[in-house]
1. Restricting to segment B:122-147, name every residue that is out of contact with any helix residue (DSSP H, G or I) (no Cβ under 8 Å at 6 or more places or on another chain), crowded, with 22+ Cβ neighbours inside 10 Å and either modelled with pLDDT under 95 or assigned to a strand (DSSP E or B) (or both).
2. Which of the residues that make up segment A:138-189 are hydroxyl-bearing (Ser, Thr, Tyr), without any contact (Cβ under 8 Å) to a residue 40 or more places away in the chain and more than 8 Å from chain B (Cβ to nearest Cβ)?
3. Is there a residue in segment A:67-80 that is among the basic types (Lys, Arg), within 14 Å of chain B (Cβ to nearest Cβ) and under 20 Å from the mean Cα position of the chain (by Cα)?
4. Just to be sure, is A:ALA157 of a type outside the set (Asp, Glu), in contact with a Leu (Cβ under 8 Å, 6 or more places away or on another chain) and within 14 Å of A:ILE120 (Cβ to Cβ)?
5. With the checklist (1) facing another protein chain (nearest Cβ under 9 Å); (2) without any contact (Cβ under 8 Å) to a residue 40 or more places away in the chain; (3) farther than 22 Å from A:VAL129 by Cα; (4) surrounded by fewer than 22 Cβ atoms within 10 Å (Cβ to Cβ) in hand, flag the one item B:TYR69 doesn't pass.
6. Just to be sure before I move on: is A:SER109 within 13 Å of another protein chain (Cβ to nearest Cβ) and polar (S, T, N, Q) in the structure I sent?
7. Output the strands (runs of 3 or more DSSP E) that fall wholly within segment B:31-93 and possess 1 or more residues being among the charged types (D, E, K, R), or say none.
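The values are calculated or read from the model by the stated rules, or taken from the named source; none is laboratory data. Bear in mind the structure is a predicted one, so any value in this text is a computation, not a measurement. Here the Cβ is made from the backbone with ideal geometry for all residues, glycine too, and neighbour counts use every protein chain on show.
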Amino acid sequence: MIRRLASALLALGLAACATPPAPPLATVVLLPDAGGRQTAVTVTQGSQTHVLDQPYAAAHLTAEGLRPFQSSAQEVQAQFGAVIAARPLPPARFTLYFVEGKDELTPDSKLLLEEVFAEIARRPVPDVVAIGHTDSVGTDAVNDPLSRSRAEVVRRALIARGVPADRVAAAGRGKREPAVPTADGVAEPRNRRVEIVVR
Amino acid sequence: MVLLSRLLAGALPLALLLAAGSAVAAEGIGQIKTAKGQVSVDRGGRALSVQVGMPLAAADVVRTGADGYAGITMRDDSLLSIGPNSVLALERFDFDPTTHQGRFDSRLERGTLAVVSGRLARQSPEAMTLRTPAAVLGVRGTEFAVAVP
């Protein structure tokens, strides 16, 4: 009798264990945007779609479908802290300005060059691209070489400070991509520039 | 090589190509920026060992061992990192640096992944997708994490 009861209880227990919640096949968590922007990720499993659009909104994908839930900073730290820490530094951008018609930096931009060096120094394998531009005074035959020459001035300055030459690329786009659109032939200081990306 | 792939991709108008200087780095679609423990890249049927600074190509598959971590910066400024025992396939990446249009499709077979989306996702909410064996994620932006046990 007691044995029967025991085995009946055991069977009940096994039956309860036989339908645990399906283990997640994947977990997705939306993280807060570093710049505070509104962000979202849509998650589609078969015919089900769910939008994660609040910080720490999350979903488990299971054999039985999508199961949304609210995660937290603590949970994310426990599950993803180490992998988040392995993310590369975000790229940094700088714009240096030049004296009209020349490949000579303005005094302010000479100072800003120091910040570019500092940003490069933070990175174990920096990657720098310098793209030169001109204003719309003059022909392409003048502006293409001038824009290249401006980018090369920046490139050489970085190499002189110890940045490996093969980690710095320089190119010129002439007057084709003005920061401030103008009519042709307009002297615009904001277009005489080199845009630098440090990755 | 870079010139050839750019010509094939048709990403840059000829004028820009001509204006480009001589020293355009071989940056590929992205670069391995951080690496710890065992990390390798499958390319064309070969497993390449990884050094930081290594350029990546479309169709590369990045793998980590039990102690491995890798961080990747893509050309559109997307940042990706994977944790131990992960397999991440960079299936498709097209990016026009002038218009910021293109497409980035990747697939996490297993492991953990953290992402900050870049210019492609900012330009178009349809431009970036991540697949897992169970689901498809549409990345409108910007930061998220995925685990596939």
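1. At the first step, the residues of segment B:122-147 found to be out of contact with any helix residue (DSSP H, G or I) (no Cβ under 8 Å at 6 or more places or on another chain) are B:122-126, B:129-138, B:143-144, B:146.
Pick out the ones that are also crowded, with 22+ Cβ neighbours inside 10 Å and you get B:130, B:132, B:135, B:137, B:143-144, B:146.
Passing the criteria: B:LEU130, B:ALA135, B:LEU137, B:GLU143, B:PHE144, B:VAL146.
2. Initial filter on segment A:138-189 (hydroxyl-bearing (Ser, Thr, Tyr)): A:139, A:147, A:149, A:182.
Still in the running and without any contact (Cβ under 8 Å) to a residue 40 or more places away in the chain: A:139, A:147.
Across segment A:138-189, the qualifying residue is only A:THR139.
3. Taking segment A:67-80 as the starting set, the residues that turn out to be among the basic types (Lys, Arg) are A:67.
Next, from what is left, pick out any that are within 14 Å of chain B (Cβ to nearest Cβ): A:67.
Among the residues that remain, those that are also under 20 Å from the mean Cα position of the chain (by Cα) are: none.
Taking every residue of segment A:67-80 in turn, none turns out to be among the basic types (Lys, Arg), within 14 Å of chain B (Cβ to nearest Cβ) and under 20 Å from the mean Cα position of the chain (by Cα).
4. Working: of a type outside the set (Asp, Glu): yes; in contact with a Leu (Cβ under 8 Å, 6 or more places away or on another chain): yes; within 14 Å of A:ILE120 (Cβ to Cβ): yes.
Judged against the criteria, A:ALA157 is a match.
5. (4)
6. Values: within 13 Å of another protein chain (Cβ to nearest Cβ): no; polar (S, T, N, Q): yes.
Spelling it out, it is not the case that A:SER109 is within 13 Å of another protein chain (Cβ to nearest Cβ) and polar (S, T, N, Q).
7. Numbers: elements: B:39-43, B:46-49, B:61-64, B:69-74, B:79-82.
The qualifying strands (runs of 3 or more DSSP E) are B:39-43, B:46-49, B:61-64.
So that you can scan it fast, the table gives a plain yes or no per residue for (1) assigned by TED's automatic domain parsing to the domain that holds A:THR106; (2) under 24 Å from the mean Cα position of the chain (by Cα); (3) of a type outside the set (Lys, Arg); (4) within 20 Å of A:LEU112 (Cα to Cα):
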residue: A:THR134; (1), (2), (3), (4): yes, no, yes, yes
residue: A:THR139; (1), (2), (3), (4): yes, no, yes, no
residue: A:ALA151; (1), (2), (3), (4): yes, yes, yes, yes
residue: A:ARG161; (1), (2), (3), (4): yes, no, no, yes
residue: A:ALA169; (1), (2), (3), (4): yes, yes, yes, yes
